[in-house]
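> A single structure is presented below for examination.
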Amino acid sequence: MRFRLSLLLLLAAALVLRAEEEAKPVKTPPRQMRLLTVGEEPPFRQEIRDGVRYQLPAPPGSLPPVALEVSVASSEGKDEASGSLRLRIGSISAPVTVPGGGSPLLFRVPEAGQESEPWHRLQPPESGDFIVVMWRGQKDNTWDKPSSLVIPANLPPGKASMVNVAPGPLAVVYNSERIALPPLRPVMRPLSPDKPIGFQVGLAKGNGLQRLISRSLEQGPGQHSIVVFYRADGEKPRSPLGIEVIRVKAVNP
């Protein structure tokens, strides 16, 4: 009888400890974020003063900030600094470490200060490294209020991801395969190392294709290509569609 009571007490204690462990919040580990800005640079402008040529600064809102401070929104109302980014349009940034979890990430220009309104607010995934694709806000066609899309960074080798951040759907002929590419829904296809493939991109027109882009795509071993199609946002663009291709180190499953 005494043995059975001891056994029941041990079982009850084990159940209590297990319940306490399950009640503890599971902290996701920190991860890395990279940022890719896509779009067109404003045309070069200059003026001559006293016989000397001076380059004029780009018009306000025509380029993203050169640098950004990244912080994490806190429920207590005090943001927690996480890191900084250097931006160059058409290039992917160096990685910055951000904490795990779903707390919003805030981007501010360094001179604005932590008490200022964020330049951009982003909802990250709960866990895992990720890449942020960012482009001009369509409403006012400036970088003052950009749009963004998050894609996971654990991308497999021997593949290519096609990402459409243009306003409407695109028609893609990828290595003879016809693909309807909707906005903000990446599509992944094979891309064997050192074996270029051809693809065409345009707008569906009747039973055909109004071709806007035609080029080849290739990558090396251990790489994954990210192909981003965006609305040409420059002055008097020759084509309504732009393209940016980056290659990242792939992650073996």
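Rule-based calculations on the coordinates, nothing more; no lab input. These numbers were taken from a predicted model, which means no experiment stands behind them. Using ideal geometry, Cβ is built from the backbone for each residue, glycine included, and neighbour counts are taken over all protein chains shown.
> With axes computed from alpha carbons, what is the tilt in degrees of helix 2-23 against the longest principal axis of the chain, rounded to the nearest 10 within 0 to 90?
The answer is roughly 20 degrees.
> Here is a further query. Tally Lys/Arg at +1 and Asp/Glu at -1 over every other residue whose Cβ is under 10 Å from the Cβ of G61; what's the total? Spell out each step's value before the answer.
Numbers: positive: R136, K145; negative: D140, D144.
Once positives and negatives cancel, what remains is 0.
> Using amide H atoms built 1.01 Å from N in the peptide plane, name the residues 5+ places from L35, or on other chains, whose amide H lies under 5 Å from its own.
S93, V132
> For A67, list long-range residues whose amide hydrogen, built 1.01 Å from N in the peptide plane, is under 5 Å from its own amide hydrogen.
Placed amide hydrogens put L87 under 5 Å from A67.
> Compute the separation of the alpha-carbon centres of the range 58-93 and the range 223-253 and state it in Å as a whole number.
Answer, in whole Å: 21.
> What label, among (1) 18.5; (2) 22.4; (3) 17.8, belongs to mean projected area of the Cα convex hull in nm² computed from the structure on display?
Checked against the structure: label (2).
> Using the Karplus curve 6.51 cos²θ - 1.76 cosθ + 1.60 with θ = phi - 60°, work out ³J(HN,Hα) for each residue of the range 36-48 in order, rounded to whole Hz, and write x for Gly and Pro.
Listing the rounded values in order: 10, 9, 10, x, 10, 7, x, x, 5, 10, 8, 9, 10 Hz.
> When Lys and Arg each count +1 and Asp and Glu each count -1, what net charge do the other residues less than 11 Å away from A160, Cβ to Cβ, add up to?
Numbers: positive: K159, R189, R247; negative: E218.
Taking every Cβ under 11 Å from that of A160, the sum is +2.
> Rounded to the nearest 20 debye, what is the charge dipole size of the chain about its Cα centre when +1 sits on each Lys and Arg Cβ and -1 on each Asp and Glu Cβ? Could the numbers behind the result be given before it?
Working: 31 positive and 24 negative charges, 180 e Å.
That gives the chain a dipole magnitude of about 860 debye.
> At 25 °C and 0.890 mPa s, grab the translational diffusion coefficient of the range 164-215 from Stokes-Einstein with a Kirkwood Rh over Cα pairs, rounded to a whole number in µm² per second.
Working: Rh = 11.7 Å.
In µm²/s, the coefficient rounds to 209.
> Using only alpha carbon pairs under 8 Å that are at least six residues apart, calculate the relative contact order of the range 200-243 and give it in whole percent. Can you show the working numbers first?
Details: 39 pairs, mean separation 12.3, N = 44.
Result for the range 200-243 is 28 percent.
> I've got another one for you. Which of K78/K139; K195/K249; K139/K159 have a Cα-Cα distance over 22 Å? Please report the intermediate quantities before stating the final value.
On the way: K78/K139 31 Å; K195/K249 17 Å; K139/K159 33 Å.
Pairs exceeding 22 Å: K78/K139; K139/K159.
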